[in-house]
Amino acid sequence: MPALKSFCRAIANTCHNCGKGCDRGGACITVSPAVLKRADPLIYSQYYLMKMGLSVTWDNPDIEIFRGGLPVAPFALLPATDYDVRIRVWNGSYDAPALNLPVALSYLSFGIGVSSTAIAIGKADLDVKGGPLEPAFTSIPWKTPPLPGHYCLQALLIWPDDANPDNNLGQKNVQVGTAHSPAVFDIQVHNDAAIARAFTFEVDQYVIPPLALCSDQASPTRRVAVAPTAGRLVESKARWKAVLAAQGYGRFPLGPDWTVTFSPARPVLAAFQQITVQITVQPPADFLGQQTVNVHGFAQAENRGRALAGGVTLLVEKS
């Protein structure tokens, strides 16, 4: 009985002191962060990639739309029609999977910074990086709104113990215009902040380059050479450096013969205000074919730095 009382007293003292830390010389155990293995579910995330200094397209390669098992272009959707949206997710962690990963799908009107409407939440069983179930896929049914229009899709990965939560939001926002003379597009621009902000726009012609062919295992892939014993962190840094050199933001300007204008050019929006901005794309006189024009919108409040508000990818065609 005395032993039981001592045992209970020890438990009570432990609970009482929980979270207070231990005295000098106590029997505290420090757990190294290296012991905790955390998954890093990710998607092609324009906000994260631009934050890291990379060029982006708003035609997200990880979000695809199908009808009856056949792929459908995001700018060719019909109103009140059933589609399946397939979302591809990746893992940046070699050590921890993300099983039963929730993937939230939403849509918003075609534009920059506009609010989203929830569709549904799918689930994906994501293996470790390089594992047999990575990347993983989830398919979510979506019935388009009854009103005709162009819509943007957003996919959000929800993982509370995420090694990098900044790369969890991806967006697909594409529109096609025919350049009979200039090509004209109307987009919605929304200020989702509680203060007034000025919006500016930048354009480029970046497209995701094709994947390089796989080389022999004994050779460095994609021209990134690191010592075999250098470790994954060194290799990852070397790859980021190589990608920034090849695909950094600002390296893909439109040709000098192209003209893109915005009306209004630099709108100042009150808190939560939304307006229509007209984009006019004038190609060279001898242009034929299809040209990608990425539009990136930035918002800036007084005495504050600018922030990426969103973007769209425009496809200008002329035959």
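The values are calculated or read from the model by the stated rules, or taken from the named source; none is laboratory data. Note that the structure is a prediction, hence the values are computed from the model and not measured. Cβ coordinates were reconstructed from backbone atoms using ideal geometry, including for glycine residues, and neighbour counts include every protein chain displayed.
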Looking at Ser106, Ser32, which is the one that is small (Gly, Ala, Ser) and either more than 25 Å from Gly131 (Cβ to Cβ) or modelled with pLDDT of 85 or more (or both)? Ser106
With in contact with a Pro (Cβ under 8 Å, 6 or more places away or on another chain) and surrounded by 14 or more Cβ atoms within 10 Å (Cβ to Cβ) as the only criterion, which of Asp82, Asp59, Asp40 stands out? Asp59
Of the conditions (1) surrounded by 13 or more Cβ atoms within 10 Å (Cβ to Cβ); (2) not small (Gly, Ala, Ser); (3) not in a strand (DSSP E or B), Lys241 clears all except one; give me its number. (1)
Where residues in segment 198-247 are closer than 30 Å to Asn303 by Cα and aliphatic (A, V, I, L, M), which of them is modelled with the lowest pLDDT? Leu244
Condition check for Ala76: surrounded by 19 or more Cβ atoms within 10 Å (Cβ to Cβ), part of a loop (DSSP other than H, G, I, E, B) and of a type in the set (Gly, Ala, Ser): no
Can you tell me which residues in segment 32-73 are assigned to a loop (DSSP other than H, G, I, E, B), hydrophobic (A, V, I, L, M, F, W, C) and touching a residue at least 12 places away in the same chain (Cβ under 8 Å)? Ala39, Ile43, Met52, Val56, Trp58, Ala73
What is the number of the single condition among (1) modelled with pLDDT of 95 or more; (2) out of contact with any Asp or Glu (no Cβ under 6 Å at 6 or more places or on another chain) that Arg86 does not meet? (2)
Pick out the one residue from Ala301, Ala271, Ala309 that is over 20 Å from Glu202 (Cα atoms), of a type in the set (Gly, Ala, Ser) and touching a residue at least 12 places away in the same chain (Cβ under 8 Å). Ala271
Residues (loosely packed, with under 13 Cβ neighbours inside 10 Å, among the aliphatic types (A, V, I, L, M) and within 26 Å of the chain's Cα centre (by Cα)) located in segment 266-286: Ala271
Looking at (1) crowded, with 19+ Cβ neighbours inside 10 Å; (2) outside any loop (DSSP other than H, G, I, E, B); (3) at pLDDT below 95, which is the one condition that is false for Leu99? (1)
Scan segment 124-137 and give yes if some residue there is loosely packed, with under 13 Cβ neighbours inside 10 Å and touching a residue at least 60 places away in the same chain (Cβ under 8 Å), otherwise no. no
Which residue, of Pro165, Pro141, is within 19 Å of Tyr83 (Cβ to Cβ), surrounded by fewer than 17 Cβ atoms within 10 Å (Cβ to Cβ) and modelled with pLDDT of 90 or more? Pro141
